[in-house]
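Below is one structure, written out as structure tokens, with a few remarks after it.
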Amino acid sequence: MTQRILIVGGGVGGTMLANQLAGKLFREIVDGDVAVTVLSDTPDHFYKPAFMYVAFGAFFREELVRRERSLLRPEIDFVVDAAEQFHLGRQEVQARSGKRYGYDYLVIATGCVPAPERIEGLAEAGDHFYQYAPARQLAEKLARIERGRIFVTVSFPKTHNVPHQCGIAPLETTLMLDDYLRRRGVRERVEIVYTYPTVSQLLRNCLFLQKPTCDVVPALFEQRGIRYQRGFTLGRVDPDTCVAYSEEGAEQPFDILMATPPIRAVDVVRHSGLSEAANDEGWLPTDHETLQVRGHERIYVIGDTVDLPVSKAGGSCHNQAPVVADNIAASIRLGHPVAAYDGKVQAVAQLGLSAGMPLWYDYRRDVQPMPPTKLGGLLRQGFNRGAYWAVARGML
Amino acid sequence: MASIPEVSPPGLAPHVARHLADSPPADPAPATWAELSPRLAPLLLGERLENLVDLLALVADLVDFLDPAMIEKASSVFEEGVAVHGALSGALRLAAARTRLEAEPPGTRALWALARDADTRRGVALLLRTLQIVGRSQCPER
């Protein structure tokens, strides 16, 4: 009897995992004992972390996309169809086409989506860089601004100890913005104000979601003349007067509101009955070590859909994929999972348009900030332009 | 001096175990100049340290030479290489594994069926187009 592994989602988590599973279970796949299928609602795979560069005029859309089929090993079946409902009892996924895809092991790798509509006025008046089209819209505004005020806000999920998308992104883009406006020669006439909410996971009144980095942010901003304010939890935005109001009672006018907006899981996950997350955000209750959905031995989750305290970013997927691959392979071969995720995340932060800083952390240790360097910037550039696609193929 | 264990830990040769027993416990503190200088002395005396300094200078020059455009081109070459390697090695690996499953060589009818398969025809077309483009690049007039 063939063991069917169904991975829902063709982002970086699902793609890496599928390739690693195919490598690990190659013998069983050839013998027909195991089948690996990736189900995605699009034939394309986007390099999402580069959308923030799009906001600063870098990267064409065509440079950020590849055919998902070309990234998957040939042993993997790839189906373009949108998952619409999980039938957990029958071990089936209902898709938009009407077809049902059965599974013995299910991996949910559907990511998360920005939800600016969850804050009054934000969708109308705010901009963000977490998707291509909004990033292009922000790029047009940033290319035109001659004087005024750019206001940066960060919104966390309401679910306890769950971070916003890509923890370092607000800091990265604020520093990139400073460099970008200097290159344009308008920085002296454009004020940048960076704010952070009162509650950021387990910290209070900080400027970043980890304390060692938070401690160096004020000096970093003061060197560049970037203003900052703690304790600004975006409550609502008035699109007519261009004023952002905080839950703490403050208000800030803006010409451009560059937001890290609220996020949520995709609808099929939110409506699955598996989530217990606050505010209908849809994060799945995830075993911190095995990455199984709690209470479901044969359902795993990877990437942005977890309710873990680690960054919702590709650097998390990179370390979660081998754990899920090992655990599914071990479950098939030995009858139980064997690997444990230690919460490790690594990345090269883009701190300014040309400097970078490699970083890593896990459940127990925070990022130890180092001075950004040109070499770090080139490393990030190399990853953006080439190494990412090898990572997605499961080669690095 | 620490005593030599009578029984080596599993997997360690007796001389390795003896060396470990003689060694002081690992110091987690970073190496100081006083610790490093005796090890650098042979390089200095042999006039080989300057090679390392030259190497560092060369690396520093290369970092200065690198710019985003050069990184983009190098990354593109890397990605194209990875993509071709992934596609060809993956196809070969799977085809070889499936061929090994067949106890007997495929008969004429099986080969004919394989040749008529839509994916096989796509693969043949890809090969022929590749050859066509290679051939065109060899023509001096176009």
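The values are calculated or read from the model by the stated rules, or taken from the named source; none is laboratory data. Small disclaimer: the values here were computed from a predicted structure and weren't measured. No Cβ is skipped: glycine too gets one built from the backbone with ideal geometry, and neighbour counts run over all protein chains shown. These area figures cover heavy atoms from the full protein model, side chains too; ligands, DNA and RNA do not enter into them. Shrake-Rupley method; radii C 1.70, N 1.55, O 1.52, S 1.80 Å.
Against the criterion of solvent-accessible heavy-atom surface with a 1.4 angstrom probe, B:112, A:360, A:283 sort, most first, into B:112, A:360, A:283.
Built from the Cα atoms of the protein assembly as shown, the convex hull projects on average onto 37.0 nm², one quarter of its surface area. Percent of Cα pairs in the stretch A:189-279 per distance bin of 10 Å, from zero to the largest separation: 14, 37, 32, 15, 3, 0. Amide H to amide H distances under 5 Å link residue A:312 with A:166, A:167, where only residues 5 or more positions off or on other chains count and H is placed in the peptide plane. At a Cβ-Cβ separation cutoff of 4.7 angstrom, cysteine residues of chain A with no neighbouring cysteine are A:112, A:166, A:242, A:317. If amide hydrogens are placed 1.01 Å from N in the peptide plane, which non-local residues have theirs closer than 5 Å to the one on residue A:264? So residue A:264 has HN proximity to A:113, A:115. Kindly state, to the nearest 0.05, the FRET efficiency for residue A:205 paired with residue A:136, given R0 = 35 Å and r defined as their beta-carbon distance. My answer for the efficiency is 0.55. Here the Karplus curve 6.51 cos²θ - 1.76 cosθ + 1.60, taken at θ = phi - 60°, turns the phi angles of the stretch A:207-220 into couplings of 10, 7, 8, 10, 5, x, 6, 3, 5, 9, 4, x, 5, 4 Hz, with x standing for Gly and Pro.
Along each principal axis, taking the top coordinate minus the bottom one, the Cα set of the stretch A:43-99 gives 48, 26, 17 Å in descending order. Pull out a ≥ b ≥ c, the square roots of the eigenvalues of the alpha-carbon gyration tensor of the stretch B:51-106, then state rounded if a/c is under 1.5, prolate if not and a/b is larger than b/c, and oblate in the remaining case. Verdict is oblate for the stretch B:51-106.
What is the stretch A:1-135 by shape, rounded, prolate or oblate, if you read a ≥ b ≥ c off the alpha carbon gyration tensor as root eigenvalues and call it rounded for a/c under 1.5, prolate for a/b larger than b/c, and oblate otherwise? Judged from the Cα gyration tensor, the stretch A:1-135 comes out oblate (a/c at least 1.5, b/c at or above a/b). Here chain A carries DSSP beta bridges of which approximately 45% are antiparallel, counting only pairs with both residues inside. Taking Lys and Arg as +1 and Asp and Glu as -1, the other residues whose beta-carbon sits under 15 Å from that of residue A:289 total -3. The residues of the stretch A:317-359 have, on average, 34 Å² of accessible surface per residue, using a 1.4 Å probe with all protein chains present. Using the 1.4 Å probe convention, the accessible area of the stretch A:100-192 works out to 36 Å² per residue with neighbouring protein chains retained. With protein chains left intact and a 1.4 Å probe, residues in the stretch B:29-93 average 77 Å² of accessible area per residue.
What residues does the stretch A:370-396 have that are buried by at least 30 Å² of accessible area in the full protein assembly compared to the chain on its own, 1.4 angstrom probe? In the stretch A:370-396, residues shielded by partner chains: A:374, A:375, A:378, A:381, A:385, A:386, A:393, A:395. Counting protein heavy atoms only, the protein assembly as shown has 56 percent of its accessible area on carbon and sulfur, 1.4 angstrom probe. Scaling the Cα radius of gyration of the stretch A:118-264 by the globular reference 2.2 N^0.38 Å produces a ratio of 0.97. Across the stretch A:348-396, Cα pairs under 8 Å and at least six residues apart give a relative contact order of 34 percent. Report, for the stretch A:170-322, the % of DSSP beta bridges that are antiparallel, rounded to 5. Once the DSSP bridges in the stretch A:170-322 are tallied, antiparallel ones form about 75 percent. Between A and B, buried accessible area from a 1.4 angstrom probe totals roughly 1700 Å², ignoring ligands, DNA and RNA. Note that the stretch A:244-348 shows a convex hull volume over its alpha carbon atoms of 133 Å³ per residue. Counting, for every residue in A:69-78, the Cβ atoms of other protein chains within 10 Å of its Cβ and taking the mean gives 3. If R0 is taken as 30 Å, the Cβ-Cβ distance between residue A:251 and residue A:276 corresponds to a FRET efficiency of 0.30.
Here the stretch A:129-191 is treated as a Stokes sphere of Kirkwood radius computed over C-alpha pairs; at 4 °C and 1.567 mPa s its diffusion coefficient rounds to 99 µm²/s.
A simple packing score, the average count of other Cβ atoms within 10 Å per residue, orders the peptides A:203-209, A:151-157 as A:151-157, A:203-209, with the highest score first. Counting, for every residue in A:30-43, the Cβ atoms of other protein chains within 10 Å of its Cβ and taking the mean gives 1.
The mean number of partner chain beta-carbon atoms within 10 angstrom of a residue's beta-carbon across peptide B:80-88 is 4. So how far, in whole Å, is the C-alpha centre of the stretch A:334-396 from the one of the stretch A:155-184? Value for the Cα centre distance between the two parts: 17 Å. Considering only the other residues whose Cβ falls under 14 Å of the Cβ of residue A:339, what net charge follows from Lys and Arg at +1 and Asp and Glu at -1? Overall, the nearby charge balance is -1.
Counting Lys and Arg as +1 and Asp and Glu as -1 over every other residue whose Cβ lies under 13 Å from the Cβ of residue B:74, the net charge comes to -2. Of all DSSP bridge pairs formed entirely within the stretch A:242-361, close to 90 percent run antiparallel.
Let me know the shape class of the stretch A:298-396, please: from the alpha-carbon gyration tensor, a ≥ b ≥ c as square roots of the eigenvalues, rounded when a/c is under 1.5, otherwise prolate if a/b is greater than b/c, or oblate. Prolate, because a/c is 1.5 or more and a/b exceeds b/c.
For the set A:24/B:73; A:141/A:211; A:344/A:374; A:99/A:344; A:99/A:312; A:211/A:312, the pairs lying more than 28 angstrom apart at their alpha carbons are A:24/B:73; A:141/A:211; A:99/A:344; A:99/A:312.
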